[in-house]
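Computed from the coordinates by the stated procedures, all read-outs in this text should not be read as laboratory data. All values derive from a computational prediction rather than experimental measurement. Reconstructed Cβ throughout: ideal geometry from the backbone, glycine too, with neighbour counts over all protein chains shown.
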Amino acid sequence: MAAAAALSLSCSGLALLGRQALRQSPQYALRLRLHSPLHTYVVKEERSLQGRSSLRMGSRMQTVSAATATERKLQAPHGGKLVDLMAEGSEKEQAVAACTKQLELSDRNACDVELLCVGAFSPLEGFMSEQQYLSVVQNMRLPNDILFGLPVVLDTDSEDYSVGDKVLLQYQGQDLAVFTVESKWAPNKPLEAKNCYGTSSIEHPAVQMITMERGKYYMGGKVQGLALPKRVFPCAAPAEVRATLPEGKDVLAFQCRNPIHKAHYELFIRALEAPNVGEGAVCLVHPTCGPTQDDDIPGIVRYHTYEVLKQEVNNPRLRWAYLPYSMHMAGPREAIQHMIIRKNYGCTHFIIGRDMAGCKSTLTGEDFYGPYDAQDNAKAHAAELGMDTVPSLNITYTEEKGYVTADIAEEQGLHQLKLSGTKFRKMLRAGDDIPEWFAFKSVVDVLRSETPQS
């Protein structure tokens, strides 16, 4: 068996935390030496292999319910209050009747409206005003000094909208919200690009988005929700997710935008044993299913892979929900944005790997951010946010001991297997067999059924 290079997998740029399975005895002790610029720690755990398989769990997984969150000992929302902008009963009719203009939302803007209405962007009560926008662009803070990662604005090319207008926001035949225009301005997009994304290069997907997709005007003002977008997959609101969380326990957030393979699963399962995570903690697996990069797998396909995986693993320490968020690939800034959103969903910890929300130039192939820029920014602001970060590292699959850290594999001379994401997609399209060590069969079946074969 020939040795190969270390396995590299990506889920929102996450490099993966390791597992060393010692199978000589039903009881085993595992010590993972984890090193990075952010942390050095030792994880020690003892479990029964008969009581826990790394890929199969005996209890049925809990899913998000539609219950309303009650006053319990959970993580405080960002800014201290979970915003709810949804109108009820006659309020909806009155709000619609007051509208004099309409605006059809883009996919990205519809995601923002939904996240505003359900409180995922708390403490925001609408699209940012010019003052709020400039403060976030320049300082990564709202004018009241509350941390906020990226601007949340409504754009238009139209001259028809003016301050004071009541605008009915529509999306694919639905009336989603009533928007009161309180501010309208022509933004300094080069400044926004440089400050928020670290570059003015059109090669960055978000810079391309704000310069080529967004209109020449931004608008800010209060939003009153009428309905949430009709989707083929459910997106639970923060209050609904909070209702499923254990009281007084740590809740880890796992962000990804790709199908979850076995190394990803090992990542968030092992993160539950990190030294800064308490007993009885759970992990909220919270994939983004909104618009993202052009070459990413469509949201509906990703949703199907997550649903079959839930049934396959049946892990009672996991919660699953889907986030209608449009990725910006903003690296350090986006790490803060994700932490704020997950805090509003009740999370106390955020799993973050190297190169989170990173992207490359399509011309040069160079990364726009350093591998630890997002981690560093997250760690620098974690205390202020009232959240802990759980950094992750490279793992590799070995023939002798399964998944272990790359350091352990190299030190012990273990035979490593490699399958890149590009090779995996080619095998999938060609109908080739996918190694069991790499991916869950249920996930592969979904991808194969919904991926054109060559």
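Label positions at Lys194 and Thr211, each projected 7 Å from the Cα along the C-beta direction, are separated by 1.3 nm. Around the Cα centre of region 90-225, unit charges on the Cβ atoms of Lys, Arg, Asp and Glu (plus for the first two, minus for the last two) sum to a dipole of about 300 debye. Available extension along the chain between Ala98 and Ala430 is 113.9 nm, counting 0.36 nm per residue and deducting the alpha carbon span.
Among 160-169, 216-225, how do they line up by average Cβ neighbours within 10 Å per residue, starting with the highest? Intermediate values should be presented prior to the final figure.
Working: 160-169: 15.8, 216-225: 21.3.
Result, highest mean Cβ count within 10 Å first: 216-225, 160-169.
When only the Cβ of Lys, Arg, Asp and Glu is charged (+1, +1, -1, -1), the dipole of region 190-312 relative to its Cα centre reaches about 440 debye. As a size descriptor, the averaged projected area of the C-alpha convex hull of region 90-225 was calculated at 8.1 nm².
Distance between the pseudo-spin-label points of Glu399 and Val301 (7 Å out from Cα toward the beta carbon): 3.2 nm. The residues packed around Val118, meaning those with a beta-carbon under 9 Å from its beta-carbon, carry a net charge of -3 if Lys and Arg are +1 and Asp and Glu are -1.
Cα centroid separation, region 78-110 to region 250-317: 30 Å. Identify the residues of region 85-99 with backbone N under 14 Å of a label point that sits 7 angstrom from the Cα of Asp175 along the Cα-to-Cβ direction, or state none. Only 87-99 pass the distance filter.
Annotation for Arg141 and Ser361: the two label points, set 7 Å from Cα along the Cα-Cβ direction, are 3.4 nm apart.
Which GluC sites (Glu not before Pro) from region 229-272 combine a DSSP loop assignment with at most 16 other Cβ atoms within 10 Å?
Values: sites: Glu240, Glu247, Glu266; in loops: Glu247.
Within region 229-272, the qualifying GluC sites (Glu not before Pro) (loop, at most 16 other Cβ atoms within 10 Å) are Glu247.
Between the listed residues Ala206, Val136, Asn109, the Cα displaced farthest toward the positive end of the dipole of region 90-225, a dipole computed from Cβ unit charges relative to the Cα centre, is found at Val136.
Would you please give the FRET efficiency between Lys418 and Gln311, computed as 1/(1 + (r/R0)^6) with r the Cβ-Cβ distance and R0 = 35 Å, to the nearest 0.05?
Details: r = 29 Å, r/R0 = 0.83.
So, using R0 = 35 Å, E works out to roughly 0.75.
Note on region 208-246 and region 132-165: Cα centroid distance 15 Å, given to the nearest whole angstrom.
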